[in-house]
Amino acid sequence: MHNYLTELPRRQADKDGFREAFRYTEPGSGKWVTCSWREFSRNVDLMACALETLDIQPSDSVAIFSANSPEILVSDFACYRNRAVPVSLYATSSPSQVEFILRDCHAQMVMVGDRSQLDTILEVRDNCPDLKYIVSYFEPDIKVDGLLSFTSMLKLGAAAEPKAIKVVERRSAEALPSDVATLIYTSGTTGEPKGAILNHSCFDAAIEIHRERLTMLSENDTSLCFLPLSHIFEKAWTYFCLFNRMKVAINRNPKEIQQTIKEIRPTCMCSVPRFWEKAYTAIQDKLASAGSIRRKFINRAIAIGRRRNLHYKRLGLPVPAWLETRYRFYDKKVLSTIRRALGVDKGNIFPTAGAPLSANIVEFFQSCGINILIGYGLSETTATVSCFPDRAYEPGSVGTPMPRVQVRIGEENEIQVKGPTVMQGYFGRPEATAEAFTDDGWFRTGDAGYIDASGAIVLTERIKDLFKTSNGKYIAPQALESRLGEDRFIEQVAVIGDKRKYVTAIIIPAFEALKEYARKKKIEFGSIDDLIQNNEIRHMLQERIDRLQKNFANFERIKKFVLLPREFSIETGELTNTLKLRRPIINNLYSAQIEAMYAAS
């Protein structure tokens, strides 16, 4: 039996070669162009022949350091044809991160997406003894030993094809489910990243279990590839879409997603919670500025949508005729307008994972007819461990386990997983691998939670993020951070309090919303610093924070906060490439501000 990924482009090309496989924008013009399965398969074969000609052997690592592009898919599947191992790096990775991964995986070749990534590789190249070739997805304007363009690789493959294709075909025929498909490097929130070894059997199983669970999808769906293809969530999802002949539109620049989503109008799209949090606050902003009569009408529409979609459709119950009639009226007048404004008016499902998303936000969008499908997974589990079922999902949970994926609750309420999608281990890290598994073979996720009466998994906290105040009370910072993330005036939050008397927070406000508020209230300011130091602004935020955390126990609530004039970022080290907080770095960088919040107590 062939691995699914090894022969995927050729198999689809044989079925319907002129059908669109994916689309992408041309650099420069921004015009959308399509790539058929026949063209995709042909380019994969040519690239595979080029790799063989350059002596890329089975099990060799080929690093891919690029923002989303069609060339990534060609490179990945060319590696699979050769039984080689593509290793994705985030386009935002620093030189030290790139060097670490290239050395750790012994990369023979690295492919780069733009000039800045090429410059990074040239900076670290001398420290990467295994690196022989650099392939640029653009035409380079410099000459460097071992540097080839993507186009020249295809030409090399064409010239070598008569001989090389026989080797490639043999390698493909010899491919095994136990072959390593890829290494996915963890984000390294507290230390060096580790390469999770995902075999082809992991992806084969992931495709199968998603086909069983996501029966609402078909080859008529269009997925917008928004998250980085270096993220296991997007990588595994895009492979699943390609396998099921769903069209894929590749978004090259994450900053252009608002425009792209309105151009493509996808039926599905993977995203992280921050996307929906921002959409929610934008809608709340517009609602707040609407006249009182219009605001009441919109709130009524959302209430009707909530009753119909959450009280009946969610549970698989027939909707009463009177409610369906009202829903259709309000859907036409209000809810469809919201969906259209976001670009999701053709929506089927929108898988969302990677961090907690407030149940309030999930229910709001479900009320509007936007089917957010909450899931949970890790790099080490080939993404999805669980997700909302089509019916009877529980808001506030991360859904029920996928078919053939077993979940149990271990010590410290840790969620532990066993199944065919779980990694083989960490590359070159036998000690870390041993620590990651229990004695009886279950993978330790590091996440705390419980399984409710319906069988759904409810996450409570990342165990290593859990801290204890000096009064002995345990605090789950992510729960607070997720709750405050609902607010239109709050962009980012880092909750503090380990071994402290009480809980505090570093807050980055939503600066544009804050400026608008200041103008309405006639608060004078000349800079962001003026705004965050203004007592009226601080008082307003304090009141909103108090309301948001009223359902938390008194000892869990944020007693003091400090506002910062700039966002946490990847470049300054406060965020990982997957936008998770690096708490030790934040605690170190802002130690003076943190100490000031406790000094007077």
Only unsatisfied item for R252, checking (1) under 17 Å from T352 (Cβ atoms); (2) touching a residue at least 40 places away in the same chain (Cβ under 8 Å); (3) surrounded by fewer than 21 Cβ atoms within 10 Å (Cβ to Cβ), is (1)
In segment 35-60, residues that are part of a loop (DSSP other than H, G, I, E, B) and of a type in the set (V, I, T) total 1
Any residue in segment 182-189 that is modelled with pLDDT of 95 or more and over 27 Å from P58 (Cβ atoms)?
no
Discussion item. One residue is enough: does segment 413-422 have a residue meeting the conditions open to solvent by 30 Å² or more (accessible area, probe 1.4 Å), in a helix (DSSP H, G or I) and under 26 Å from V272 (Cβ atoms)?
Written reply: yes
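Out of S93, S88, I need the residue that is under 23 Å from the mean Cα position of the chain (by Cα), under 30 Å from R429 (Cα atoms) and either modelled with pLDDT under 95 or open to solvent by 50 Å² or more (accessible area, probe 1.4 Å) (or both). Which one?
Sole residue among the options that is under 23 Å from the mean Cα position of the chain (by Cα), under 30 Å from R429 (Cα atoms) and either modelled with pLDDT under 95 or open to solvent by 50 Å² or more (accessible area, probe 1.4 Å) (or both): S93.
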Here the qualifying pairs (Cβ atoms under 7 Å; residues six or more apart or on different chains; first in segment 300-319 and within 16 Å of N360 (Cα to Cα); second of a type in the set (G, A, S) and in a helix (DSSP H, G or I)) come out as I302/S367; G305/S367; R306/S367; N309/S367; L310/S367
When segment 23-53 is checked residue by residue, the ones that are surrounded by fewer than 21 Cβ atoms within 10 Å (Cβ to Cβ) and of a type in the set (A, V, I, L, M) are V33
D487: passes all of (1) assigned to a loop (DSSP other than H, G, I, E, B); (2) farther than 30 Å from E516 by Cα; (3) at pLDDT below 95 but (2)
Residue hits (segment 65-102; part of a loop (DSSP other than H, G, I, E, B) and among the small types (G, A, S)) are S66, A67, S69, A84, A91, S93, S94
Checked S75, S36, S66 against criteria (under 27 Å from I209 (Cβ atoms) and among the hydroxyl-bearing types (S, T, Y)); the one match is S75
For A341, the lone unmet condition from (1) within 24 Å of M216 (Cβ to Cβ); (2) in contact (Cβ under 8 Å) with a residue 24 or more places away in the chain; (3) of a type in the set (A, V, I, L, M, F, W, C) is (2)
Of the residues in segment 57-69, those that are over 24 Å from T572 (Cα atoms) and surrounded by fewer than 23 Cβ atoms within 10 Å (Cβ to Cβ) number 4
The correct count of residues that are touching a residue at least 24 places away in the same chain (Cβ under 8 Å) and either open to solvent by less than 20 Å² (accessible area, probe 1.4 Å) or in a helix (DSSP H, G or I) (or both) in segment 398-412 is 5
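Looking only at segment 219-231, count every residue that is outside any loop (DSSP other than H, G, I, E, B) and either open to solvent by 10 Å² or more (accessible area, probe 1.4 Å) or closer than 19 Å to F18 by Cβ (or both) and tell me the total. Walk me through how you get there before you give the answer.
Residues of segment 219-231 that are outside any loop (DSSP other than H, G, I, E, B), as a first pass: 222-225.
Pick out the ones that are also either open to solvent by 10 Å² or more (accessible area, probe 1.4 Å) or closer than 19 Å to F18 by Cβ (or both) and you get 222.
Residues meeting the conditions: 1.
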Per the list (1) closer than 23 Å to K580 by Cβ; (2) among the β-branched types (V, I, T); (3) part of a helix (DSSP H, G or I), residue check on V167 breaks on (1)
Scanning segment 1-39 residue by residue, those under 19 Å from D76 (Cα atoms), over 25 Å from the mean Cα position of the chain (by Cα) and of a type in the set (A, V, I, L, M, F, W, C) turn out to be A13, W37
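Given the residues V110, V85, which is the only one that is within 20 Å of R252 (Cα to Cα) and not acidic (D, E)?
Numbers: V85 fails: within 20 Å of R252 (Cα to Cα).
Testing whether each residue is within 20 Å of R252 (Cα to Cα) and not acidic (D, E) leaves just V110.
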Looking across segment 261-276 at residues that are open to solvent by less than 10 Å² (accessible area, probe 1.4 Å) and in a helix (DSSP H, G or I), the single one that is nearest to T578 (Cα to Cα) is P273
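May I ask you to verify whether I134 is more than 24 Å from Y90 (Cβ to Cβ), out of contact with any Asp or Glu (no Cβ under 7 Å at 6 or more places or on another chain) and open to solvent by less than 10 Å² (accessible area, probe 1.4 Å)?
Values: more than 24 Å from Y90 (Cβ to Cβ): no; out of contact with any Asp or Glu (no Cβ under 7 Å at 6 or more places or on another chain): yes; open to solvent by less than 10 Å² (accessible area, probe 1.4 Å): yes.
It is false that I134 is more than 24 Å from Y90 (Cβ to Cβ), out of contact with any Asp or Glu (no Cβ under 7 Å at 6 or more places or on another chain) and open to solvent by less than 10 Å² (accessible area, probe 1.4 Å).
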How many residues of segment 573-601 are closer than 13 Å to F561 by Cα, touching a residue at least 12 places away in the same chain (Cβ under 8 Å) and either assigned to a helix (DSSP H, G or I) or open to solvent by 70 Å² or more (accessible area, probe 1.4 Å) (or both)? The answer is 5
Within segment 428-479, of all residues that are of a type in the set (D, E, K, R) and part of a helix (DSSP H, G or I), the one surrounded by the fewest Cβ atoms within 10 Å (Cβ to Cβ) is E431
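The values are calculated or read from the model by the stated rules, or taken from the named source; none is laboratory data. Being a predicted model, the structure only gives us computed values, none of them experimental. Cβ: placed from backbone, ideal geometry, glycine included. Neighbour counts: every protein chain shown. Calculation scope for accessible area: heavy atoms of the full protein, side chains included, ligands and nucleic acids excluded. Shrake-Rupley method; radii C 1.70, N 1.55, O 1.52, S 1.80 Å.
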